[in-house]
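Scroll down for the structure; my scribbles are underneath it.
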There are 4 protein chains.
Amino acid sequence: MQPVLTTEEVHRFLETDFPQIHTDGRVMTVTEIASGRASMRLDPLERHLRPGGTVSGPALFALADVTAYVAVIAHIGVVPLAVTTSLNINFLRLPQLKPTTCTCKILKLGKRLAVLDASIFQDNPDELVAHATVTYSIPPL
Amino acid sequence: MQPVLTTEEVHRFLETDFPQIHTDGRVMTVTEIASGRASMRLDPLERHLRPGGTVSGPALFALADVTAYVAVIAHIGVVPLAVTTSLNINFLRLPQLKPTTCTCKILKLGKRLAVLDASIFQDNPDELVAHATVTYSIPPL
Amino acid sequence: MQPVLTTEEVHRFLETDFPQIHTDGRVMTVTEIASGRASMRLDPLERHLRPGGTVSGPALFALADVTAYVAVIAHIGVVPLAVTTSLNINFLRLPQLKPTTCTCKILKLGKRLAVLDASIFQDNPDELVAHATVTYSIPPL
Amino acid sequence: MQPVLTTEEVHRFLETDFPQIHTDGRVMTVTEIASGRASMRLDPLERHLRPGGTVSGPALFALADVTAYVAVIAHIGVVPLAVTTSLNINFLRLPQLKPTTCTCKILKLGKRLAVLDASIFQDNPDELVAHATVTYSIPPL
């Protein structure tokens, strides 16, 4: 399963067609696109925190959701109408105010559905702060 | 299962201890607290939208997450350290830019875990835009 | 949303096309088909128990899965190739060795996906032993 | 994270305390216990099939559930009262009537909850037939 878009091309697409993810400044960056997967980094701001100083659930959800979308379009080309149909997330450890990485692996890339596994961590890729499974619906061409 | 906090008390608590939910202005309001459940309304802003003008997944996720938290504290009293352990959400219909209600029903309120069912709709409570199941971990006293 | 098959017709279809659910005897019975929902009853046997005498997770999973399938075919007609694409189940209370009911409500019946909510209980419909969300993929005609 | 039980010890425990998993004959075997994970093999029988000759959802669910339990007890010792609190499974490809392996990786092993990732495959570990996330509740000692 080979990517059809480069990191640069994905960035340019997000810039023009998905400006909403930059509403709070450039907090999310695509860091890797490879065979069957993609990674993004979130540089959290004060606004992404919850009481106790941990990165909020919605911020981690958004990171998993966007990274899954990036992994899908990197492998099938730009599909503006792909929509998330379900997302199941487990919060495992309290994330601190520091760079947070999400790596999404494509488990299945069908004609109608893509299913991805998202691992979210901070310093240590073996100590996940959250893990998600994401399903995207791919519109008929 | 009777609530131990009123809508007014929950609002006051969110105000002082959970100011983060008002980062973008007062977009979330508790609309009902009743036996075994709670409801909140999201008045979405431009920043909550995705391409196509639909309310974003992270905005619906945040609404389900906060409503579940409100339902829990309304029934067991203020527990600042309750944390979401998992959230499974299905996106069912594309939500438009208008008031969005989430009703959370407590399925189980144990000593260590609370499990809630969240129904999110706009005009018609029978046409959900999203449905979620949320698990909160309740810290030992 | 009106059913297009009666309880009798669903039973006959399961009998001829889905004999596997009767491998252990007639332990599952359709008890209701109504607008937007269906219910089944499991009469558990010794083989459905786990240590401690509770009905096993796989038995509850199978009950939710088959009831969701029944709800789908009752509303769109017989679709032998509909397959479960995901199932999220929360176990809430330990079920005992007695009749167990599952009620499935259709949350969305789209052209490609059906999403259902399954409530599993024993004596008291307000005290669920398990709750599931089920997604079925509907094959193109 | 090192295992505290060997494959042999786990087998002996299942034999005496969990005979239910052998109701249909010895269809499930522990094939590996290693740091942070465990694997089991299901040798499916006619009774585990669905129309079309694919291994049924409940059979895959049971395999993921038991493998997760084995991974937990292999790392914390025998805890007869550990119970599954939730299981989210995605069905990715239709499994055929042949040996099926489940590898469970421990994502978190806390005092109260264990969260595991389950990958189910047949010939090719990179082509999953199903993927699950399992949460076990660990009883207070």
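The values are calculated or read from the model by the stated rules, or taken from the named source; none is laboratory data. Just so you know, these numbers come straight off a predicted model, no measurement behind them. Cβ placement follows ideal geometry from the backbone for every residue including glycine, while neighbour counts extend to all protein chains displayed.
Test D:Met40 against the criterion of being in contact with a strand residue (DSSP E or B) (Cβ under 6 Å, 6 or more places away or on another chain), over 30 Å from C:Asp17 (Cβ atoms) and not acidic (Asp, Glu), and give yes or no. Step through it out loud before you land on a result.
Working: in contact with a strand residue (DSSP E or B) (Cβ under 6 Å, 6 or more places away or on another chain): yes; over 30 Å from C:Asp17 (Cβ atoms): yes; not acidic (Asp, Glu): yes.
Against the criterion (in contact with a strand residue (DSSP E or B) (Cβ under 6 Å, 6 or more places away or on another chain), over 30 Å from C:Asp17 (Cβ atoms) and not acidic (Asp, Glu)), D:Met40 qualifies.
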task = Could you grab me the full set of residues in the range C:132-141 that are within 12 Å of chain D (Cβ to nearest Cβ) and either farther than 15 Å from A:Leu113 by Cα or of a type in the set (Ser, Thr, Tyr) (or both)?
result = C:Ala132, C:Thr133, C:Val134, C:Thr135, C:Tyr136, C:Ser137
key: Some residue of the range D:113-131 being over 20 Å from C:Val134 (Cβ atoms), within 12 Å of chain C (Cβ to nearest Cβ), surrounded by fewer than 20 Cβ atoms within 10 Å (Cβ to Cβ) and at pLDDT below 95   = no
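So, in the range A:13-52, of the ones that are in contact (Cβ under 8 Å) with a residue 60 or more places away in the chain and not charged (D, E, K, R), which residue ends up surrounded by the fewest Cβ atoms within 10 Å (Cβ to Cβ)?
Here is the first cut: in the range A:13-52, the residues in contact (Cβ under 8 Å) with a residue 60 or more places away in the chain are A:13, A:17, A:31-32, A:36-42.
If we keep only those that are not charged (D, E, K, R) too, we end up with A:13, A:31, A:36, A:38-40, A:42.
On the way: A:Phe13: 17, A:Thr31: 15, A:Gly36: 17, A:Ala38: 30, A:Ser39: 21, A:Met40: 26, A:Leu42: 24.
The residue in question is A:Thr31.
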key: Residues satisfying the stated conditions in the range D:13-35, i.e. part of a helix (DSSP H, G or I) and among the β-branched types (Val, Ile, Thr)   = D:Thr16, D:Ile21
request  = Please work out which residue is nearest to the other protein chains (Cβ to nearest Cβ), limiting yourself to the range D:76-112 and to residues that are under 19 Å from D:Ala34 (Cβ atoms) and among the hydroxyl-bearing types (Ser, Thr, Tyr).
outcome  = D:Thr103
request  = Determine which member of the set D:Val72, D:Val55, D:Val10 is closer than 13 Å to D:Leu97 by Cα, more than 10 Å from every other protein chain (Cβ to nearest Cβ) and in contact (Cβ under 8 Å) with a residue 40 or more places away in the chain.
outcome  = D:Val55
